[in-house]
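J.: The structure's right below; bear with me while I get my questions together.
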Amino acid sequence: MSNKFSCSIKRIRFDESYSPADSTRLTTNFANLARGEHRQENLSKTLRMINNRFNALAHSDNPSADRYSVEVDIISANMDIEGKGNAFPIIEMLQTTIVDHKDNTRINGMIGNSFSSYVRDYDFSVVLLDHFDKNPGSPPPESFGDLHGKLFQYLLQSEAYQANFTKNPVICLSVSTSKTYHRTANQHPVLGVEYRQDGSSSNKGSLTDDYFAKMGLSVRYFMPAGSAAPLAFYFTGDLLSDYTDLELISAIATMETFQKIYRPEIYNANSTAAQVYQPSLKYQDYSLTQIVYDREERSQMAVTQGKFTEEEFIKPYQGILEQWAANYETQKPVVKKRAA
């Protein structure tokens with residue numbers, strides 16, 4: 001097939017002056033925080049939490065816990081299906097940059113971290129809801145997530161991505177409230193203690209795990225030192241050897257902060273995850289971050305934006321996308337190793 005979709009990368013700094021772009025997927029944590037009368041206070045407190053958590057984990061030669069600060073850029077990947085300049089915002093992720101104030105250097109942090117996708121909204125809030133409405137109790141369609149997975153892999157292979165980033169993304173999300181996690185004896189110096197889902201590597205993963213697998217991503221679960229619960233890390237290649245300690249710390253500091261705000265019942269709980277751990281949003285013993293966050297709005301917006309994607313992307317390009325997906329050879333992105 002001759003179709004070659006055109007990809008482009010845009011970035012905007014997430015700082016105290018951040019305002020969401022018109023194309024930003026409004027269900028993202030960072031967009032939700034940047035609206036309303038408390039927006040500047042929200043942003044300032046969020047950035048402070050990220051920096052404090054980073055310094056707590058990067059404690060070597062950092063006696064005052066103020067050696068580093070973290071800059072966060074929102075990365076928007078756009079895709080032009082017909083080559084006519086009508087680009088649709090396919091994926092949003094975050095990229096961190098670490099500022100070492102002791103050595104006066106800037107260090108690449110992690111690309112990935114958060115993951116936002118209009119097509120994922122469409123899959124989960126339109127396709128899946130319609131399927132379950134017509135087929136109660138049935139599993140998702142076998143093809144669920146196929147198109148999204150191929151679009152993501154195509155993006156990582158694109159010239160635009162390769163020109164902007166030296167490594168593949170690591171996505172760091174909350175663990176699933178529908179699964180049970182078992183602590184293992186494995187412990188990483190940065191990522192912390194490893195958990196396994198449902199105590200069996202052969203057990204079927206969560207719906208999110210399966211969806212991300214179609215994107216070519218594997219998953220492991222780690223609870224860093226000082227954390228209340230494990231985080232889910234989605235990656236290609238080798239999570240433990242392809243990324244530096246500072247890159248991993250930047251992902252933990254950034255995404256654990258968002259999870260403390262978004263899911264305090266799990267990530268700002270007053271007790272840590274046990275040997276056998278079942279995450280729950282009904283847990284009552286937790287602390288609030290004093291950051292204003294509208295979680296109800298976030299869930300409602302997913303449906304709105306899923307329908308927007310259907311009208312503005314899926315339906316107009318349905319024939320092209322179906323033909324492209326049928327001929328696209330699924331492949332894992334080229335793994336970029338850490339520098340020696």
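The values are calculated or read from the model by the stated rules, or taken from the named source; none is laboratory data. What you see is a predicted model, and the numbers here were worked out from it, not measured in a lab. Cβ sites come from the backbone with ideal geometry, for glycine too, and all protein chains shown count toward neighbours. Just the protein is used for accessible areas: all its heavy atoms, side chains included, with ligands, DNA and RNA removed. Shrake-Rupley method; radii C 1.70, N 1.55, O 1.52, S 1.80 Å.
J.: Can you list which of the DSSP-assigned H helices in the chain have a Cα extent of 20 Å or more along the long axis and an average Kyte-Doolittle score of at least -0.5?
T.: Numbers: long enough: 39-57 (27 Å, -0.92); 245-262 (25 Å, 0.44); 295-309 (21 Å, -1.25).
Sorted by number, the helices that extend far enough and score high enough are 245-262.
J.: Something else: Under 5 Å between amide H atoms, partner at least 5 residues away or on a different chain: which partners does Thr180 have, H built in plane at 1.01 Å?
T.: Asp198
J.: Turning to a different aspect of this structure: Taking only the alpha carbons of region 140-265, what extent do you get along each of the three principal axes, in Å, biggest first?
T.: Taking max minus min along each principal axis of the Cα atoms, region 140-265 gives 39, 37, 28 Å.
J.: When Lys and Arg each count +1 and Asp and Glu each count -1, what net charge do the other residues less than 15 Å away from Val276, Cβ to Cβ, add up to?
T.: Values: positive: Lys179, Arg183, Arg196; negative: Glu194, Asp198.
Here the count lands on +1.
J.: Determine, from the Cβ-Cβ distance of Ser143 and Arg106 and an R0 of 35 Å, the FRET efficiency 1/(1 + (r/R0)^6), rounded to the nearest 0.05. Provide the component values of the computation, followed by the final result.
T.: Values: r = 43 Å, r/R0 = 1.24.
Computed FRET efficiency for Ser143 and Arg106 comes out at 0.20.
J.: Greater than 20 Å separation of Cα atoms is the criterion. Which listed pairs, Lys45/Lys102; Lys179/Lys307; Lys150/Lys260; Lys150/Lys315; Lys102/Lys167, meet it? All intermediate terms of the calculation are to be shown ahead of the outcome.
T.: Values: Lys45/Lys102 23 Å; Lys179/Lys307 29 Å; Lys150/Lys260 31 Å; Lys150/Lys315 18 Å; Lys102/Lys167 26 Å.
Distance filter (> 20 Å) returns Lys45/Lys102; Lys179/Lys307; Lys150/Lys260; Lys102/Lys167.
J.: Within the accessible area of the chain, what % is carbon and sulfur when the probe is 1.4 Å and the other protein chains stay in place?
T.: 47 percent
J.: While we're on this one: Can you give the accessible area of Lys102 in Å² (nearest 10), computed on protein heavy atoms with a 1.4 Å probe?
T.: Probe radius 1.4 Å; accessible area of Lys102 about 120 Å².
J.: Of Cys7, Cys172, which has the most accessible area with a 1.4 Å probe, and how do the rest follow in descending order? Mind dumping the intermediate values first?
T.: Numbers: Cys7 25, Cys172 0 Å².
Result, largest first: Cys7, Cys172.
J.: Please compute the per residue accessible area over the chain with all protein chains in place, 1.4 Å probe, rounded to a whole number of Å². Write out the running numbers ahead of the final one.
T.: Working: 15620 Å² over 340 residues.
Heavy-atom accessible area per residue stands at 46 Å².
J.: Taking N as the number of residues in region 43-121, what value does Rg over Cα atoms divided by 2.2 N^0.38 Å take?
T.: Details: Rg = 16.8 Å, N = 79, 2.2 N^0.38 = 11.6 Å.
Rg over 2.2 N^0.38 Å, computed on Cα atoms: 1.45.
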